[in-house]
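Student: First, the structure itself, so that you have it in front of you.
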Amino acid sequence: MDRDKVQAPCIVADPSGGFRLFYTALGPAKPFPVCQGYILSAFSDDGLVFHKDPGIRLTPQPELSALSLRVLAPSVTSCGAGCWRMYFEARGPADQPTAICSAVSTDLLQWTLEEGLRLQSSGGVGGPRYCRLPDGRGRLYCFMSAFDADGIDGGNLISHSVISAVTVDGLHFDMEPGYRLTDGQGVYDAKGITAAEVIPPVEAGDTWTMVYSSWQDIPTGAAAPVHPSHDPDAVHSGRSEDFAATSIAADMAGYRSRIFVAHSTDGLSWDRGPCLVEGGGYTSADIDAVHAEDMSLVRIGPDAYRMYYAACNRHGQWQIASAVHGL
């Protein structure tokens, strides 16, 4: 079920001990022919060696256009009283904007889709990362896409920046004005920012920390194939059967992704910091030589964190890697 591609992990510390890792996957055992991805999970006692949980945590819903083809990039938070909520990116046909939906669970294994969309925009939103605020509300950080005048269907992506929205009940979100981070500020984020996870301050006056991933464009003069999720004809032509191979070919066309850090005094205005994870490039043997993105963090000590992230090597193999800070 995850032989062809794995991406976008989310780590959760299980209250009974150990860790559960949710991730986006695709393989030949997909639930229906044109399915482009679903969410699986694995469990670990130590956070390093994981054993896959049987079955699928969440699948696309062919009868619901907004999430008919792919569900990905989970972000899981406790709702209290033994309940959990998962926010995730939902994709339908390429000419329809991506959206953020949610599901709930009492055991982290069986998930029930909640009705409606949690967040949407004309260009599409995705890569959600939920953050519990000091005042008890929740904030969802995510990317928002913008296209040129031609629109999503055949249009050119001109922005892939980070926005945020706040909620009181976890279901209804109010978009906050402006951007948290804008892309196109340099070579490393020329093709957009894909995910941004935030660690809020422990005490008043402490600094907020954001870890985010951004994409570098292909070299000047190079050409990249259209990613199948952006190709309106892919499903109708049957090419979505080769979704993983076609998407990986696009990933490996000269793009690079890296993980960076930013800091803030209020969670809204951010100052960019250095690169945290940067592979060695297309000639390197690093596990994350070409891509490092869509990370998820868990606290493993008073000032220590482990970060899980999607990593792609020079052979186009996507895997889930980890790194530690503060140990």
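The values are calculated or read from the model by the stated rules, or taken from the named source; none is laboratory data. These figures come from a predicted structure and were not determined experimentally. Cβ placement follows ideal geometry from the backbone for every residue including glycine, while neighbour counts extend to all protein chains displayed.
Student: Would you confirm whether or not segment 80-89 contains a residue that is in a strand (DSSP E or B), at pLDDT 95 or above, within 29 Å of E176 (Cβ to Cβ) and among the hydroxyl-bearing types (S, T, Y)?
Tutor: Yes, because at least one residue in segment 80-89 is in a strand (DSSP E or B), at pLDDT 95 or above, within 29 Å of E176 (Cβ to Cβ) and among the hydroxyl-bearing types (S, T, Y).
Student: If I go through segment 299-327 residue by residue, how many of them are loosely packed, with under 12 Cβ neighbours inside 10 Å and either under 23 Å from G280 (Cα atoms) or within 18 Å of the chain's Cα centre (by Cα) (or both)?
Tutor: Number of matching residues: 1.
Student: Right, something else. Considering only segment 38-51, how many residues are in contact (Cβ under 8 Å) with a residue 40 or more places away in the chain and out of contact with any Asp or Glu (no Cβ under 6 Å at 6 or more places or on another chain)?
Tutor: Of the residues in segment 38-51, 3 are in contact (Cβ under 8 Å) with a residue 40 or more places away in the chain and out of contact with any Asp or Glu (no Cβ under 6 Å at 6 or more places or on another chain).
Student: Let me ask something else. Anything in segment 180-189 that is in contact with a strand residue (DSSP E or B) (Cβ under 8 Å, 6 or more places away or on another chain) and either surrounded by fewer than 17 Cβ atoms within 10 Å (Cβ to Cβ) or in a strand (DSSP E or B) (or both)? List them, or say none.
Tutor: Across segment 180-189, the qualifying residues are L181, T182, G184, Q185, V187.
Student: Kindly indicate which of A94, A73 is in contact with a Pro (Cβ under 8 Å, 6 or more places away or on another chain) and either basic (K, R) or at pLDDT below 95 (or both).
Tutor: A94
Student: Another question about this same structure. Among the residues of segment 197-223, what is the count of those that are aliphatic (A, V, I, L, M), more than 14 Å from A292 (Cβ to Cβ) and surrounded by 15 or more Cβ atoms within 10 Å (Cβ to Cβ)?
Tutor: Going through segment 197-223 one residue at a time, the tally reaches 4.
Student: Considering only segment 1-25, state which residues are over 21 Å from D45 (Cβ atoms) and assigned to a strand (DSSP E or B).
Tutor: Within segment 1-25, K5, Q7, A8, T24, A25 qualify.
Student: Okay, next question. I want to confirm something. Restricting to segment 95-118 and keeping residues that are under 18 Å from the mean Cα position of the chain (by Cα) and among the hydrophobic types (A, V, I, L, M, F, W, C), which single residue is nearest to P54 (Cα to Cα)?
Tutor: Only one residue tops the list, namely A103.
Student: Give me a count of the residues in segment 97-137 that are among the small types (G, A, S), surrounded by 21 or more Cβ atoms within 10 Å (Cβ to Cβ) and part of a strand (DSSP E or B).
Tutor: Residues meeting the conditions: 4.
Student: Does any residue in segment 303-327 that is at positive phi come within less than 7 Å, Cβ to Cβ, of a residue that is at pLDDT below 95 and part of a loop (DSSP other than H, G, I, E, B) six or more places away or on a different chain, and which pairs are these?
Tutor: Pairs found: G326/D303.
Student: Considering segment 69-84 alone, what residues qualify as being under 18 Å from the mean Cα position of the chain (by Cα) and surrounded by fewer than 21 Cβ atoms within 10 Å (Cβ to Cβ)?
Tutor: The answer is T77, and nothing else.
Student: So, in segment 26-51, how many residues would count as being exposed (fewer than 14 other Cβ atoms within 10 Å of the Cβ) and assigned to a strand (DSSP E or B)?
Tutor: 1
Student: What number of residues within segment 160-180 satisfy the criterion of being within 20 Å of T77 (Cα to Cα) and aromatic (F, W, Y)?
Tutor: Summing the residues that are within 20 Å of T77 (Cα to Cα) and aromatic (F, W, Y) in segment 160-180 gives 1.
Student: Is it the case that some residue within segment 258-269 is closer than 20 Å to F19 by Cβ, at pLDDT 95 or above, crowded, with 17+ Cβ neighbours inside 10 Å and of a type in the set (S, T, Y)?
Tutor: no
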